[in-house]
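These notes concern the structure reproduced below.
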Amino acid sequence: MARILSTLCIAALLTGLAPAWAQDQQTGTGADLPVGEPVTQDKVPGQAYIRETNGDWGMECLYVPEGQEEPCQMFQALLDDSGNTVANVRIFRLPEGGQAAAGALIAVPLETLLTAQLTLGIDEGITKRYPFTVCDRLGCYARIGFTNEDITAFKKGAVAKLGLVPYVAPDQRLQLSLSLKGFTASFGKTSIMQ
């Protein structure tokens with residue numbers, strides 16, 4: 001019974017394919033087959049995209065309704081020795097008159113030892129320590145400020161070292177290189193965030 005049912009299923013399948021096979025045989029060249037058309041990405045307000053690249057920095061902007069100015073910030077992904085993204089750095093300008101001239105949002109993996117905090121140093125200059133602010137299901141974040149002196153050091157520097165400690169190896173500090181190539185060109189194009 002099972003063998004008869006199986007044979008009937010195969011016969012039904014082949015019968016269903018026969019018209020398509022016969023139709024393909026009639027055209028021969030496939031001239032009437034659709035070959036696809038390019039799909040353009042619709043700009044959705046609030047969607048992030050990289051507008052341009054300066055050196056190792058991307059200018060990450062948000063689409064907004066036409067006629068409004070897009071908010072933009074500098075973006076760089078930091079990779080480990082295997083080429084895997086370990087952290088993301090986003091930098092933006094702040095209004096004049098405050099202690100911080102610019103701000104940054106630095107994202108790191110969930111399995112980071114938060115009590116060890118985040119460290120950042122430029123070239124051979126002073127290394128500073130910053131606390132983490134919050135974690136969500138995607139990672140943990142440090143919201144930090146940079147003084148005018150920090151920004152000048154970024155502009156003159158070649159590389160910054162971002163340090164974090166893995167939770168599973170609390171005796172080791174992972175050092176990630178943050179390239180400063182293109183920093184000056186990108187910084188002047190970032191939006192002032194309130």
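Just so you know, all these numbers are worked out from the coordinates, no wet-lab data involved. Owing to the predicted nature of the structure, the values given are computational and were not obtained by experimental measurement. Cβ placement follows ideal geometry from the backbone for every residue including glycine, while neighbour counts extend to all protein chains displayed.
Values as computed for the structure displayed
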{"read-out": "Dipole in debye (nearest 20) - segment 130-194, about Cα centre, beta carbon charges: Lys, Arg +1; Asp, Glu -1", "value": "240 debye"}
{"read-out": "Amide N of segment 47-64 lying under 13 Å from the label point, which is placed 7 angstrom from the Cα of residue 88 along Cα→Cβ", "value": "47-50, 58-62"}
{"read-out": "Nearby lysines by direct alpha-carbon distance to residue 161 (threshold 19 angstrom, same-chain neighbours under 8 apart not counted)", "value": "128, 181"}
{"read-out": "For segment 131-182: relative contact order, % (alpha-carbon pairs under 8 angstrom, 6 or more apart)", "value": "26 percent"}
{"read-out": "Segment 93-194: GluC sites (Glu not before Pro) in DSSP loop, at most 11 other beta carbons within 10 Å", "value": "96, 111, 124"}
{"read-out": "Dipole of segment 78-187 [Lys/Arg +1, Asp/Glu -1 at C-beta], most positive-end residue of 162, 82, 186", "value": "186"}
{"read-out": "Sequence-separation-based contact order of segment 103-194, relative, with Cα cut under 8 Å and 6+ spacing, percent", "value": "29 percent"}
